[in-house]
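The values are calculated or read from the model by the stated rules, or taken from the named source; none is laboratory data. Everything numeric in this text was worked out from a predicted model, so none of it was measured. Ideal geometry is used to build each Cβ from the backbone, glycine not excepted, and the neighbour counts take in all protein chains shown.
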Amino acid sequence: MKLIFAIINDDDFRGVSEAFIENDIQATRLSSTGSFLKSGNTTLLICIDDERLDFALDLIRSHCKKRKQIMPTSHVGGAFPPYPVEISVGGATVFVTDVERFEKF
């Protein structure tokens, strides 16, 4: 068994969630916040059989795409006003670990 920690943008959560439900993959959802952009994320904890690992990762990959977004800069002090910059948002950060023991009560 494997444990997947998937940190995804809140905007991508619905697609991943629906795909998991359609494919009978259970996950625990935790609300989280990114430290760089201070934006909302969802962290999913997914315990899955080794044989279904690649399938679950493909579902996450197909629903979590990076995209460009315009965001104003936060300029502290100085004479210049803030100006917009283009940043990348979305995608997913995924960690996979072995599960030594799994119990469900």
Q. Of the residues LYS2, LYS65, which is at pLDDT below 95 and in contact with a strand residue (DSSP E or B) (Cβ under 8 Å, 6 or more places away or on another chain)?
A. LYS65
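Would you point out the residue of region 40-60, among those that are loosely packed, with under 14 Cβ neighbours inside 10 Å and either over 15 Å from ASP98 (Cβ atoms) or at pLDDT below 95 (or both), that is nearest to the chain's Cα centre (by Cα)? Spell out the reasoning first.
Applying the first criterion (loosely packed, with under 14 Cβ neighbours inside 10 Å) to region 40-60 yields 40, 45, 49-51, 54-55, 58.
From what's left, either over 15 Å from ASP98 (Cβ atoms) or at pLDDT below 95 (or both): 40, 54-55, 58.
Values: GLY40: 10, ASP54: 16, PHE55: 16, ASP58: 13 Å.
Going through the qualifying residues, I end up with GLY40.
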Q: Identify all residues within region 70-88 that are surrounded by 11 or more Cβ atoms within 10 Å (Cβ to Cβ) and either touching a His at 6+ places or on another chain (Cβ under 6 Å) or at pLDDT 70 or above (or both); write none if there are none.
A: PRO82
